[in-house]
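Enquirer: Before anything else, here's the structure in question.
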Amino acid sequence: MENKGVLFVISAPAGCGKDTILNEFFLHTNTAGYAVSATTRKPREGEINGVHYHFLTVEDFKAKIQCGEVLEYTEYCGNYYGTLKKSVNDLINSGKDAVLKIEVEGAMNIRKQFPDSCLVFILPPSLEVLEQRLRGRGTETEEKIIERTTQAKNELKFAENYDYLIVNDDLKTAVDDLLSVFRAEKLRRTRCGEVLKNVMGEKN
């Protein structure tokens, strides 16, 4: 019986709280693993290499692309972000669900290569709230806030291509919604062929 995990792709504009949601999510499940993305941006305070991201130099990132070690990548606000093949395959083949936190263009590339993947988009309650959250960070310049807000508007256009939309207006509700998405996907008929065969007494 095949026991591979499911690939889940989580995307959201900066400031929507996807990191906080995922941190809480992983406290409530032991069947999923975080497929850590690679990036050339500098680590923020408190971020750990290999945990939050694989922080690479531009040269190292491009070398991995040339060697075919990067599943997908994109440039966002002047930095490269990408998914390492090994991070995804190791989790899925071990039977755990793989969770990717990537930008919208990368998600579209993943869907092409993994048609069976599940795409989840986290939305802010409104663009006004999103801007307030960005300002509340206290780490962004005015120019960067404008850039990220504009980028968010562009990213929202991709939301219709995702399987599930979660509005982060309340952290607990958003985490519960994400847990529900994972449960629903694991119960999808197309993923439960072996279960049906077992109930009907059929053998391979």
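Enquirer: Just report the Cα centroid separation between region 114-130 and region 135-195, whole Å.
Expert: Region 114-130 and region 135-195 have Cα centres separated by 3 Å.
Enquirer: How big is the gap, in Å, between the Cα center of region 27-61 and the Cα center of region 80-106?
Expert: 11
Enquirer: Before anything else, pin down the relative contact order of the chain: Cα pairs under 8 Å, at least 6 apart, normalised by residue count, whole percent.
Expert: Relative contact order of the chain: 29 percent.
Enquirer: With loop defined by DSSP as not H, G, I, E or B, and exposure as at most 10 other Cβ atoms within 10 Å, which is the longest segment of the chain clear of exposed GluC sites (Glu not before Pro)?
Expert: 46-201
Enquirer: For the residues Ile65, Ile92, Ile122, Ile48, what sequence is obtained by ranking on other C-beta atoms within 10 Å, fewest first?
Expert: Ile48, Ile65, Ile92, Ile122
Enquirer: Considering only DSSP beta bridges where both residues belong to region 1-104, give the percentage that are antiparallel (nearest 5).
Expert: Restricted to region 1-104, the bridges split so that about 45 percent are antiparallel.
Enquirer: Given the pairs Lys42/Lys101; Lys42/Lys112; Lys18/Lys101; Lys101/Lys157; Lys4/Lys86; Lys62/Lys157, which span a C-alpha to C-alpha distance of over 20 angstrom in this model?
Expert: Details: Lys42/Lys101 17 Å; Lys42/Lys112 29 Å; Lys18/Lys101 8 Å; Lys101/Lys157 18 Å; Lys4/Lys86 15 Å; Lys62/Lys157 29 Å.
Those over the limit are Lys42/Lys112; Lys62/Lys157.
Enquirer: Calculate the spin-label point distance for Asn30 paired with Thr190, positioning each point 7 Å from the Cα along the beta-carbon direction, and give it in nanometres.
Expert: 3.1
Enquirer: For Met108, Met200, which order do you get if you count the other beta carbons within 10 Å of each Cβ and list the fewest first?
Expert: Met200, Met108
Enquirer: On to the next question. Roughly how tilted is helix 142-156, in degrees to the nearest 10 and between 0 and 90, from the longest Cα axis of the chain?
Expert: The angle comes out near 30 degrees.
Enquirer: At a Cα cut-off below 20 Å, give the aspartates and glutamates reachable from Lys153, other chains included and same-chain residues fewer than 8 away excluded.
Expert: Candidates past the 8-residue exclusion: Asp19, Glu75, Glu103, Glu105, Glu128, Glu131, Glu140, Glu142, Glu143, Asp163, Asp169.
Enquirer: Rank these for me by crowding, Cys118, Cys192, Cys16, Cys67, going from fewest to most other beta carbons within 10 Å.
Expert: Arranged by neighbour count, lowest to highest, Cys118, Cys192, Cys16, Cys67 become Cys67, Cys192, Cys118, Cys16.
Enquirer: Which value, in debye to the nearest 20, gives the size of the charge dipole of the chain about its Cα centre, when Lys and Arg are +1 and Asp and Glu are -1 at the Cβ?
Expert: 560
Read-outs: derived from the displayed coordinates by stated rules, not from any lab. Note that the structure is predicted; figures quoted are calculated from it, not measured. When we count neighbours, we look across all protein chains shown, and the Cβ atoms used for this are built from the backbone with ideal geometry, even at glycine.
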